[in-house]
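Novice: My questions will all concern the structure given below.
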Amino acid sequence: MGVEWYVLGERIRTRFTFRQAQQGPPGHAHGGAVSAILDEAMGASVWLGGHQAMAAKLNVDFVAPIPLGVEVEVEAWVTEVDGRKSSAKGRMVRVADGVLLAQATSLFVAVPEFFANQREGLEP
């Protein structure tokens, strides 16, 4: 996705700015781009917990339009692990004032055999 992620405890975080390439409505971020970033963050948080998993369900609430050129912060964390299933939450806020822009929930299912040909110790 071209985003540099940071690990803070058991959470994944980043700051970035949507640009013209991610435009949906004029002057604003495309919902698919917002969803992709939240999906990537939640997936990284699941991998951080040691689960080689893939998304099975993604729910995104678009709380407010996100203007292009405005710095946002994304944070994601695991909320529950039950066998092969991991649930996670994520949120996107405007850095300038902390206003919630989007939030998401997800379900990931561990399928380590799908990743069997990847290097050991792969980072999220």
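The values are calculated or read from the model by the stated rules, or taken from the named source; none is laboratory data. What you see is a predicted model; the values in this text were computed from it and never measured. Note that each Cβ is placed from the backbone with ideal geometry, even for glycine, and that neighbours are counted across all protein chains shown.
Novice: Only one of (1) over 15 Å from Arg91 (Cβ atoms); (2) in a helix (DSSP H, G or I); (3) not basic (Lys, Arg) fails for Met42. Which number is that?
Specialist: Only one criterion is unmet by Met42, namely (1).
Novice: I've got another one for you. Of a type outside the set (Ser, Thr, Tyr) and either part of a strand (DSSP E or B) or at positive phi (or both), is that true of Gly98?
Specialist: Considered against the rule, which asks whether it is of a type outside the set (Ser, Thr, Tyr) and either part of a strand (DSSP E or B) or at positive phi (or both), Gly98 comes out as yes.
Novice: Under 6 Å between Cβ atoms, at least 6 apart or on separate chains: pull out the pairs that start in the stretch 58-82 with a residue that is of a type in the set (Gly, Ala, Ser) and end on any residue that is surrounded by 15 or more Cβ atoms within 10 Å (Cβ to Cβ).
Specialist: Pairs found: Ala64/Leu101; Ala76/Ile12; Ala76/Ala41; Ala76/Met42; Ala76/Ser45; Ala76/Ala88; Ala76/Gly90.
Novice: A further question follows. Go through the stretch 49-82 and report how many residues are outside any strand (DSSP E or B) and modelled with pLDDT of 95 or more.
Specialist: Total meeting the criteria: 7.
Novice: Report the residue count in the stretch 1-21 for those that are surrounded by 13 or more Cβ atoms within 10 Å (Cβ to Cβ), over 16 Å from Gln103 (Cα atoms) and among the hydroxyl-bearing types (Ser, Thr, Tyr).
Specialist: Residues in the stretch 1-21 being surrounded by 13 or more Cβ atoms within 10 Å (Cβ to Cβ), over 16 Å from Gln103 (Cα atoms) and among the hydroxyl-bearing types (Ser, Thr, Tyr): 1 in total.
Novice: What about Asp82, is it of a type outside the set (A, V, I, L, M) and closer than 12 Å to Ala102 by Cβ?
Specialist: When the stated conditions are applied, Asp82 does not pass them.
Novice: Search the stretch 80-108 for residues being of a type in the set (Val, Ile, Thr) and within 14 Å of the chain's Cα centre (by Cα), and hand back the single one that is farthest from Val46 (Cα to Cα).
Specialist: Val93
Novice: Report whether or not Gly43 is touching a residue at least 24 places away in the same chain (Cβ under 8 Å), surrounded by fewer than 17 Cβ atoms within 10 Å (Cβ to Cβ) and touching a strand residue (DSSP E or B) at 6+ places or on another chain (Cβ under 8 Å).
Specialist: Here the answer is no, as Gly43 does not meet what is asked.
Novice: Quick check on this structure: which one of Lys85, Lys89 is in contact with a Ser or Thr (Cβ under 6 Å, 6 or more places away or on another chain) and either of a type in the set (S, T, N, Q) or surrounded by 14 or more Cβ atoms within 10 Å (Cβ to Cβ) (or both)?
Specialist: Lys89
Novice: Among Ala102, Ala116, Ala33, Ala110, which is the only one that is in contact with a Leu (Cβ under 8 Å, 6 or more places away or on another chain) and of a type in the set (Gly, Ala, Ser)?
Specialist: Sole residue among the options that is in contact with a Leu (Cβ under 8 Å, 6 or more places away or on another chain) and of a type in the set (Gly, Ala, Ser): Ala102.
Novice: Can I ask one more? When the residues of the stretch 1-22 are narrowed to those that are assigned to a loop (DSSP other than H, G, I, E, B) and closer than 16 Å to Val78 by Cα, which ends up nearest to the chain's Cα centre (by Cα)?
Specialist: Trp5
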